Each structure stands twice: as C-alpha cells, then as structure tokens.
Amino acid sequence: MFSVIPANRPCLTNYITISPTQFAFSFPSRPHFSHLVVFILPGNTLPPNTAAGVHIQLPGSTEFRFLGAIGNEKPSAVFKINLPGPKPPPGDVDAMADSNISGLPAAAAAAAAASTAPAPDIGDINIGISVEPAANIQAQLAALQSQTQNQSLSSTSADLALVIHRPPPQTKELAQRIIKNAFNFLASFAGEAGPGGQEVVPLRSFQEWWTKFERKVQNDPGFLERDEGD
C-alpha cells in the first residue's frame, strides 16, 4: 500500500504491518542520504476522511518524530532528513538521479570512488506510517508548523542579534569626537609664548596630527563611530 525511497536508493515496498492502520519500514542509514520520498502505491487509496502520518526514528533514538502526512489528495511527499554521524564530502550531491563517473581520468575516477565509499553503518532507520482520522493529522501538522515557525523565529532573532549595531553618530557628535581627538594629540605640544604667556601649538604639530588622523581613518574608517569604551 505504501512505499518509501531514500534518495539514490531503490524503491522500498517491503513494509511490516503492525496493525490494520500502522505500517513500518526499516532500512540501513548508510549510504548517507538527506531526502526521503513517501507515497501511496498506485491502485491504493486510504479510507474516506483519513490521512497517513509519517514518522521517523533515527539511529540511537527511542522516539518517533512526526515528519508530515500523505493522503488521497496528496499521495506523495518529500521530506528533508538530517541524519546523525559524518556527512559526505563536499560535492557529493544528494540527488534523485544516478551518478555516472564513466569516462573520467583514472585519478579523478579513483577520487570519485573514494568519496563515495560507504561510511560505517550507525544503525537502522525506522519509518512509521499511521492511518488516522484526518482531524488528528491536521492537528499534528498544525503543531509541526508552529514548532517550525518558532525555531525559525529563534534562529532569525539570533542572526539579527549578530548584525544589530548602534546607529551612526549625529554630525555634531562626530565633529566633537574629531575635535577631541585633535585636542588630545596636540595638548602635549602646547607651550607658552608672548607677553601674556598664551599657550600655542606649532603648526607642524597640527600637520602631524592631520597626517596620523587621515591614516587612521583609512585603516579603520569606523573608529570615530565607536564610543570611547569600545
């Protein structure tokens, strides 16, 4: 009645009947795959007002996780699977198509063969299919959608926290920081001159500050936008 296809593997139809409404598939977790197709075999239909929930039990886990559902109106579905254990090397594409490496140079063929060598098996994957009233399946789908949205929001919030930054300072504040930077540099060059003992700064000191200021702006354009404590 049902069949599953792990990506790049043969179609599986040898399910176990647990009860008249519960069915299970079991197959090795290796070779690695990341997508699973579940569908109702042609010529079969579910009872009216029912749907089939699809659950997965990963190696090392004792719980079945709800993936989604299929039904008479939607007799097939593709699910993304995150298997535990080592992932295949970059470039090993998980596609629903045959890989053909014929005609490659010997070195490239050897590298390709090495990259597709089977990884150690970490256990079997169990797929459970439960035929239930459509209302039950709808409730499970709603809970799954809510959980997915919450995870997406949490991830988005974390990503935003990484990119949130202070707004750039206003023109007045920026000018004050430039003046303060100049004052701190030139104060050490100040000396008294004239009858009133007025403090003066040699012009070459100002030129030296301007040269260093320009260099710092080039090396760190945002240094004036940060607070003193940054």
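Compute the length gained on full extension between residue 78 and residue 141: take 0.36 nm times their separation in residues and subtract their Cα-Cα distance, giving the result in nm to one decimal. Let's see the in-between values first.
On the way: separation 63, 0.36 × 63 = 22.68 nm, distance 1.49 nm.
Answer, rounded to one decimal: 21.2 nm.
Per residue of the range 142-149, in order, report the coupling 6.51 cos²θ - 1.76 cosθ + 1.60 (Karplus, θ = phi - 60°) as ³J(HN,Hα) in whole Hz, putting x for Gly and Pro.
In residue order, the calculated couplings are 5, 5, 5, 5, 5, 5, 5, 5 Hz.
Might you work out the accessible area of residue 214 for me, using a 1.4 Å probe with all protein chains in place, and round it to the nearest 10 Å²?
Taking all protein chains as shown, residue 214 has close to 90 Å².
Lys and Arg at +1, Asp and Glu at -1: add these up for the other residues within a Cβ distance under 13 Å of residue 54 and post the number. Please list the in-between numbers first.
On the way: positive: 65, 74, 80; negative: 132.
Here the count lands on +2.
The values are calculated or read from the model by the stated rules, or taken from the named source; none is laboratory data. Small disclaimer: the values here were computed from a predicted structure and weren't measured. As a convention, Cβ positions derive from the backbone with ideal geometry for all residues, glycine included, and neighbour counts pool all protein chains shown. The accessibility values were calculated without ligands, DNA or RNA, using every heavy atom of the protein model including side chains. Shrake-Rupley method; radii C 1.70, N 1.55, O 1.52, S 1.80 Å.
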